[in-house]
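Below you'll find the structure, written out as structure tokens, and then a few comments.
The values are calculated or read from the model by the stated rules, or taken from the named source; none is laboratory data. Just so it is clear, the model here is predicted, and its values are computed rather than measured. All Cβ positions, even for glycine, are placed from backbone atoms using ideal geometry, and neighbour counts span all protein chains on display. Side chains are part of the model used for accessible areas, which takes the heavy atoms of the whole protein and leaves out ligands, DNA and RNA. Shrake-Rupley method; radii C 1.70, N 1.55, O 1.52, S 1.80 Å.
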Amino acid sequence: MSDRKKLFIKTYGCQMNVYDSERMAETLGGSGYDTTEDAASADMILLNTCHIREKAAEKIYSELGRLKVHKDANPNLKIAVAGCVAQAEGEEIVRRQPAVDLVVGPQSYHRLPEMEEKIREGKRALDTDFPEEDKFEHMPKRPKAARGPTAFLTVQEGCDKFCAFCVVPYTRGAEVSRPVDRILTEARDLVERGVREITLLGQNVNAYHGQGPNGDMTLDQLIWALNDVDGLERIRFTTSHPNDMTDALIAAHGECEKLMPYLHLPVQSGSDKILKRMNRNHTAESYLKVIERIRAARPDILLSGDFIVGFPEETEADFEATMELVRQVRYGQAYSFKYSSRPGTPAAERPLVDQAEADDRLQRLQGLLSSQQYEIQDEMVGKEVSVLFEREGRLEGQMVGKSEYLHAVHVTAPNAKRGDIARVKITNTERNSLGGTLLT
Ligand code: 5AD
Ligand code: SF4
């Protein structure tokens, strides 16, 4: 019988957490763990948590309460908490839920093997430092197992922008960029294992400034270097800040063949007063100028954004400015949230706006954003796109993949396989996907 143990990871939050979970699974692979989809049979359950909006910590505590019941039945079960709640709460987690064996912050994942040894001996392990060493360098390489056609690759982590509502600068720490050679090595390795599309991740990815062979390189330079990786077909990046959209990065959207025509560029609000109070360091007008430049470089680009409504001091007029900005931009995709106060951030000290009013604004904004999404989907009908197939669909012979614009597309393609890229004509739209037929 194998003495390998089973690891169940539950991932909350952003794409960077998805990437981190993969890397933690690989690291713990070296400590004798294989991942499982079945929590009930796991030897270790790891929650990779998110702290970006309210109630995150409370949700984790109630999940941990449920896991404690599992552990009462199976005392050998190890419970681990990683991610931004781990960073923010630290020791408080074990104080509130003594069944937890391990607490690890996002900057300490390379220390997991030692921590795992410690808990195996029945001790508790806690690490929420911001160590000097580069965690990625100290995490084992991804094993050579085959994998799906798309992957995330973290190139930059942390943020120095300190938007007044945001916990990221506190949970992920200061902005750090990974060196170019490591990123290229990881990208080539992913391609060898079947990856065709890489999404470069960073909380402030377009502020990337990693060490290159002749000094620091910027994100556009990194993208051009990745453009030369044989077998890699598509490059994306997220999330960007409007103030770091340089001319060279904008130009790359028009010139770099593998860079996909999709850009997630959060604005948060369309009111200059609120943007100032958010410490965003840009105005609605400067954001619109950036959009104009991007559209000049790549007219068909699909834009996506993040919005917060009900930020302290937001009036109906401020909200209307956000609606007006949305009408001007026309987003193909968007994420919108009601402001939630995060302890330790500057805005947490400020009085909340009327919550019924904030709920109502969120509904109105989401109504507008959805109507734009559907309009843009409708406009795709009759157009030709390229689809990278990611998985089989529910119907016989059907494949599902993403277009350049990140629309999910269903196609009848009985001879196609995952990882193929096909030319497709869009024939119809559903709520959150498109349908199309193969072009030969
Ligand atoms: N309240 C609501 N939304 C928030 N976001 C970040 N912090 C908060 C908060 N305190 C949103 C922002 C950000 C996205 C990842 O989450 O829109 O761009
Ligand atoms: Fe948070 Fe993004 Fe602002 Fe950084 S730029 S503080 S990650 S919202």
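Below are the figures for this structure:
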item	result
The chain - percent relative contact order, Cα under 8 Å, separation 6 or more	10
Percent carbon-and-sulfur accessible area, the range 75-218, ignoring ligands, DNA and RNA, probe 1.4 Å	48
Approximate shape of the range 117-195 as ellipsoid semi-axes (Cα gyration tensor, √5λ), whole Å, largest first	26, 22, 12
Whole-angstrom gap from the range 358-377 to the range 1-63, using each part's C-alpha centre	33
Whole-percent pair-distance distribution, where bins are 5 Å wide, for the alpha carbons of the range 19-133	2, 12, 24, 26, 22, 11, 2, 0
Cysteines having no other Cys beta carbon under 4.7 Å from their own, within the chain	Cys14, Cys50, Cys84, Cys159, Cys256
Derived scalar couplings ³J(HN,Hα) [the range 206-216; Karplus, 6.51 cos²θ - 1.76 cosθ + 1.60; whole Hz; x for Gly, Pro]	7, 8, 3, 8, x, 5, x, x, 10, x, 5
Residues whose placed amide H lies under 5 Å from that of Asp127, excluding near-sequence neighbours	Val103, Val104, Gly105
For peptides 208-221, 345-358, sequence by mean Cβ density within 10 Å, most packed first	208-221, 345-358
1.4 Å probe accessible area per residue over the chain, in Å²	45
For the range 148-279, the fraction of alpha-carbon pairs in successive 5 Å shells from zero, as %	2, 10, 20, 22, 19, 13, 8, 4, 2, 0
Full-stretch length increase - Glu92, Gln366 - with 0.36 nm per residue and alpha-carbon distance subtracted	95.0 nm
Sorted peptide list for 99-108, 298-307, criterion being average Cβ within 10 angstrom, highest first	99-108, 298-307
DSSP bridge orientation in the chain - percent antiparallel, rounded to nearest 5	35
Label-point gap, in nm, between Asn432 and Lys59 - each point 7 angstrom along Cα→Cβ	1.4
Sequence-distant residues sharing a close amide H with Ala334 (under 5 Å, placed H)	Gly305
The range 295-427 - percent of accessible surface contributed by carbon and sulfur, probe 1.4 Å	49
When the range 249-378 is reduced to its Cα atoms, the Kirkwood hydrodynamic radius in Å	15.5
Compactness relative to 2.2 N^0.38 Å, alpha carbon Rg of the chain	1.01
Kyte-Doolittle mean at least -1.0 and Cα axial length at least 15 Å: DSSP H helices in the chain	15-29, 56-73, 180-192, 284-297, 316-329
Projected area, mean over directions - the range 67-178, Cα convex hull, nm²	9.4
5 angstrom amide H check on Leu259, placed H, neighbours 5+ away	Ile235
